[in-house]
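Accompanying notes for the structure given below.
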Amino acid sequence: MSIDFSSIRRLNQETGLSEDGVPGDPIPLLQAWLSEAREAGVYLPNAMVVSTVGKDGRPSSRAVLLKDVGDDGLTFFTNYESRKAREIGDNPQVACLLLWPDLGRQVRVTGRASRIPAAESDRYFATRERGSRLEAWASPQSAPLPNRQRLVELFEEAERRFPGEVPRPPHWGGYRVVLETAEFWQGRQHRMHDRLLYTREGRRYRLERLAP
């Protein structure tokens, strides 16, 4: 059985993107769009799809939470033994996607991912609630499990191991993606969408418009 989506239509935004109305650097614009998504009540406005490529050339995508957007790039956290981490180790070139359908917006990023300093990971890990810190010790991320009960047992073992403070596991931490390109897509009526592409050239970015 197939599902036909051909009849679905939506009214796209009247307000668009102009080359004259955006900053010369993509980071301030991304920060502004994230803030607007949060203010609009978007659920998990910082959900970001990260795509990597394995040694076999096969791409893999998953959603993570974007935790910081700064001049030095986009930061997310994960298990360093996960599939995404292994693939970043083999090929640090990644693609990221942030999508806000209700706002008719998306941002596509390509760049190079690398681990952030351990001290930064320590500071962020200390802000997580206790259960999330225990889970970082309990879950062998991406590894097969016989059943959910085994995961529960691993969590309970972590609880017994750390009755007080829960330190950051050495196999868990952050990655920062240094932008090479960033494309901002704004939906418009009649599918006359706006697409502005930033491409890094040294310390600056070249800005150009793409056809929808």
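General observations
- Being touching a residue at least 12 places away in the same chain (Cβ under 8 Å), closer than 21 Å to Glu201 by Cα and either surrounded by 16 or more Cβ atoms within 10 Å (Cβ to Cβ) or touching an Asp or Glu at 6+ places or on another chain (Cβ under 7 Å) (or both) is a property that Arg83 lacks.
- Output for the stretch 101-115, where each listed residue is surrounded by 17 or more Cβ atoms within 10 Å (Cβ to Cβ) and of a type in the set (Gly, Ala, Ser): Gly104, Gly111, Ala113
- Residue identified as within 20 Å of Glu81 (Cβ to Cβ) and either out of contact with any Asp or Glu (no Cβ under 7 Å at 6 or more places or on another chain) or of a type in the set (A, V, I, L, M, F, W, C) (or both) among Pro146, Pro163, Pro212: Pro146
- Filtered residue count, the stretch 77-106, keeping only those that are assigned to a loop (DSSP other than H, G, I, E, B) and more than 28 Å from Pro212 (Cα to Cα): 5
- Remark: Arg115 falls outside the filter, which requires a residue to be more than 15 Å from Arg176 (Cα to Cα), basic (Lys, Arg) and within 18 Å of the chain's Cα centre (by Cα).
- Conditions (1) surrounded by fewer than 17 Cβ atoms within 10 Å (Cβ to Cβ); (2) polar (S, T, N, Q); (3) on the phi < 0 side of the Ramachandran plot: number failed by Thr75: (1)
The numbers here are math on the coordinates, done by the rules we state, and not lab data. Fair warning: this is a prediction, and the values are worked out from it, not measured in the lab. No Cβ is skipped: glycine too gets one built from the backbone with ideal geometry, and neighbour counts run over all protein chains shown.
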